[in-house]
1. Which count do you get for residues in the stretch B:331-368 that are within 14 Å of another protein chain (Cβ to nearest Cβ) and polar (S, T, N, Q)?
2. Scanning for something at pLDDT 95 or above, under 19 Å from the mean Cα position of the chain (by Cα) and not hydrophobic (A, V, I, L, M, F, W, C), does the stretch B:50-65 turn up at least one residue?
3. Would a scan of the stretch B:392-411 turn up a residue that is surrounded by fewer than 18 Cβ atoms within 10 Å (Cβ to Cβ), within 14 Å of another protein chain (Cβ to nearest Cβ) and without any contact (Cβ under 8 Å) to a residue 40 or more places away in the chain?
4. Go through the residues of the stretch B:311-319 one by one and say whether even a single one is part of a loop (DSSP other than H, G, I, E, B) and under 15 Å from the mean Cα position of the chain (by Cα).
5. From the residues in the stretch A:25-62 that are within 13 Å of chain B (Cβ to nearest Cβ), in a helix (DSSP H, G or I) and touching a helix residue (DSSP H, G or I) at 6+ places or on another chain (Cβ under 9 Å), which one is farthest from B:ILE370 (Cα to Cα)?
6. Counting only residues that are surrounded by 13 or more Cβ atoms within 10 Å (Cβ to Cβ) and either touching a helix residue (DSSP H, G or I) at 6+ places or on another chain (Cβ under 6 Å) or without any contact (Cβ under 8 Å) to a residue 40 or more places away in the chain (or both), how many does the stretch B:235-247 have?
7. So B:ASN58 ticks every box in (1) within 14 Å of another protein chain (Cβ to nearest Cβ); (2) in a loop (DSSP other than H, G, I, E, B) but one. Which box is left unticked?
Amino acid sequence: MREKTGNVWRYGHHVDTDVIIPARYLNIADHKELAEHAMEDIDADFAKQAQAGDYIVAGKNFGCGSSREHAPLVFKVRGVPVIIADSFARIFYRNAINIGLPVMEIGQEAEKIEDGDTLEVDVAKGEIKIANKNITITTKPLPGFIQEIAEAGGLINCVKGKN
Amino acid sequence: MGMTMTQKILARHAGAGKVEAGDIITAGIDLALTNDIMGAQTFAEFEKIGKPAVFDQNKVVLVPDHFCPANDMKSAELAKKLREFARKYQITHYFEIGRMGIEHALLPDSGLIAPGDLVAGADSHTCTYGALNAFATGVGLTDLGAALATGKTWLKVPAAVGVELCGSLPRYVRGKDVVLALIGRIGVDGARYKSLEYYGSGVARLTMADRFTIANMAIEAGAKNGIFPCDSVTATYLEGRTAREYRPEAADADAFYEERIEINLSLLEPLVACPHLPENVKPAKELSGIAIDQAVIGSCTNGRLDDLAQAAEILKGRKINKKVRAIVIPATQEIYSQAMALGYLRTFVDAGAAVSTPTCGPCFGGHMGILAAGERAVSTTNRNFKGRMGAADSEIYLAGPYVAAASAITGRITDPAEIAGA
């Protein structure tokens, strides 16, 4: 996986799927239109200003709540290359992997990353460099089974490959 | 070391003699569920795999319950996709408007869930079925699309949190108060990635409705699933609902729990979770100054007949406060019919409440009771996240039906004992 550089959008603990993408938009079939509403109830700037290549970094239990796959999807559509958090809610974690959006669970190391930082991330190696602070965080690479799904580009391709 | 209820069900469905926490397994599923907001994209993912049929047309359940009856044209299109898929793939268990219900009340009541089953649903509250000693968990639509094709899903075997229940519930205290007490103690990520395994002498004193409510909110503690043992209460509930032979699983005596929690049911009181997290739990009587604009009684958490009976007990012969909109939503058509026969619906209507056909509507901010800016609701639903029920600055207080009904009468959050004593 190539190295990625981008700016950080930093959020706190327990960011839930209702604020990531409010349910009132869940009947929108067009993914681009859906993604225009990402995070709008807690951060109106994200939907307006986030650039492809920017990172989401958060605290504990990111993506708690609903099983809506629209939540990781809106970040993928916005071009977020990887989501980094202290920890993830399990369904969000699973959904992100299944749609081919990398996630890195790094525990309290997440506290070193602040809003507006610039990151260089190597998902395969499990390496996050905070470029503006010259700090490198290393984490365990994803388990083999999960990397297999990621490398196939998501669960559906993985299942297709096995059939 | 022995296995928990969850681990035994997973081992059997993975064709393994034994599994341990952390193992990644591929397990066969007994039932796959999706609904109108997940359906269209679930089917798109399924069709990418290119299988001519679903893994078993009798083991797939499709329920239009979220934006249903359709609230606008976009939702109507989504519901249509569900209906068309059901016809194309000859899905046995498709439930149409007027015969449907909120999925997590409907599936158990329809006899589709039995002890020892493994259920995957594209809805996070799929964990409700753990009340029947099934392993049931919420997954995303890609997971479900793959499961429709293969009849299998990958799972990480969860470590366990043991919850020992003892004592018996006091008056006006029910399942919702038990699960709020638990979440208040361990937090919204207190059981993250883990299973919540209930046991102890208090279990036998809980009704099936209480157990469904408790299992339903396992996800609000971050859990993968919540599960109860199968006992005579379970067996009585299943009589006449399913003729299928089932295989309950009991925990081994030496099953390992990463953490053990004890809850004495006798010491609980009516509780409320304050905005904007289900872990912000306080006794109802400490919140009696908080005025409300709306009371919602329903949802997959608290829309069952027992829940309506509790609300009716409080509302009988009383009137909803002038400043409050009360919305009552029986969870299934069958419950609606029973509530009608028992006079509950008459009680609600006479009290000045709106009674709706089954829908998830207001719980997830879809329709049928959206909150305007600055409004506040007491609700028997399961999540009080910011903006969940409407405007970003509206507020949701989660409670059981007794508290919601009592609050609807006074116009402020109210412990039911206050009303009963009046």
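1. Residues of the stretch B:331-368 that are within 14 Å of another protein chain (Cβ to nearest Cβ), as a first pass: B:359-368.
Next cut, polar (S, T, N, Q) only: B:359.
Summing the residues that are within 14 Å of another protein chain (Cβ to nearest Cβ) and polar (S, T, N, Q) in the stretch B:331-368 gives 1.
2. Taking every residue of the stretch B:50-65 in turn, at least one turns out to be at pLDDT 95 or above, under 19 Å from the mean Cα position of the chain (by Cα) and not hydrophobic (A, V, I, L, M, F, W, C).
3. Yes, the stretch B:392-411 contains at least one residue that is surrounded by fewer than 18 Cβ atoms within 10 Å (Cβ to Cβ), within 14 Å of another protein chain (Cβ to nearest Cβ) and without any contact (Cβ under 8 Å) to a residue 40 or more places away in the chain.
4. So in the stretch B:311-319, the residues part of a loop (DSSP other than H, G, I, E, B) come out as B:316-319.
Restricting the remaining residues to those that are under 15 Å from the mean Cα position of the chain (by Cα) gives none.
No.
5. Filtering first and then ranking leaves A:HIS31.
6. 1
7. (1)
Condition check ((1) of a type in the set (Lys, Arg); (2) away from chain B (no Cβ under 14 Å); (3) more than 14 Å from A:ASN98 (Cβ to Cβ); (4) in a loop (DSSP other than H, G, I, E, B)) across all residues:
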position: A:VAL121; (1), (2), (3), (4): no, yes, yes, no
position: A:ALA124; (1), (2), (3), (4): no, yes, yes, yes
position: A:LYS140; (1), (2), (3), (4): yes, no, yes, yes
position: A:ILE146; (1), (2), (3), (4): no, no, no, no
position: A:ASN157; (1), (2), (3), (4): no, no, no, no
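The values are calculated or read from the model by the stated rules, or taken from the named source; none is laboratory data. This structure is a prediction, so every number in the text was calculated from the model and none was measured. Note: ideal-geometry Cβ built from the backbone for every residue, glycine included; neighbour counts use all protein chains shown.
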